[in-house]
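So the structure is just underneath, and the comments pick up after that.
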Amino acid sequence: MVGGSCLCGGIRFEYSRAVTDVGMCHCSLCRKVSGAASNAVIVVPESDFKWLCGEELRQTFVKPTGWSTTFCRTCGNPVPQKLHGAAAYWVPAGALDDDPGLRIGGHIFVGSKASWDEIGGQAPQFEERPIPGASPRR
Ligand SMILES: [Zn+2]
Ligand SMILES: [Zn+2]
């Protein structure tokens, strides 16, 4: 099991299986939510995910476009949220307390990254979302 929690410890969760590596999203919304150059997320099937405590502390903010983020009401830490139209959770990798044994699988929305953002490593970079069959920017 890989466990995770928010900053105040009020919300705790664990999962047994992730179906992606760590995806780094550099879009303007993820930058706001993370307060950093990008958001780091992994996808976990709903059936492999479990809330351990603090479910009632979750609060969700939804933009008029439907884009949403879920966070701890006490400490503001982004926490897992259900993916729209999928039986899976979007899990913020920075909230994990254990080593998920994953690497960065790719960078998305690199076309709108911050001017000061320098992306390292060898993972593929995509202007926006990866399109099946399309080649990465590098
Ligand atoms: Zn918290
Ligand atoms: Zn994003």
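Please treat every number below as a calculation from the coordinates, not as lab data. Quantities reported herein were computed from a predicted structural model and do not represent experimental measurements. Reconstructed Cβ throughout: ideal geometry from the backbone, glycine too, with neighbour counts over all protein chains shown.
The chymotrypsin sites (Phe, Trp or Tyr not before Pro) of the stretch 65-132 meeting both criteria, a DSSP state outside H, G, I, E and B (loop) and at most 12 other C-beta atoms within 10 angstrom of the site's C-beta, are W116. Of all the options A95, A87, A40, the one that moves most in a Gaussian network model of the chain with Cα springs shorter than 10 angstrom is A87.
Basic side chains Lys and Arg get +1 at the Cβ, acidic Asp and Glu get -1 at the Cβ, and with that the dipole of the chain about its Cα centre reaches some 380 debye. Using the rule -39500 (n - 2.57) for each DSSP H run of four or more residues, divided by the residues of the chain, the 222 nm mean residue ellipticity is -1500 deg cm²/dmol. For the chain, the calculated P(r) over all alpha carbon pairs, in 10 Å bins from 0 to the bin holding the longest distance, is 12, 41, 36, 10, 0 percent.
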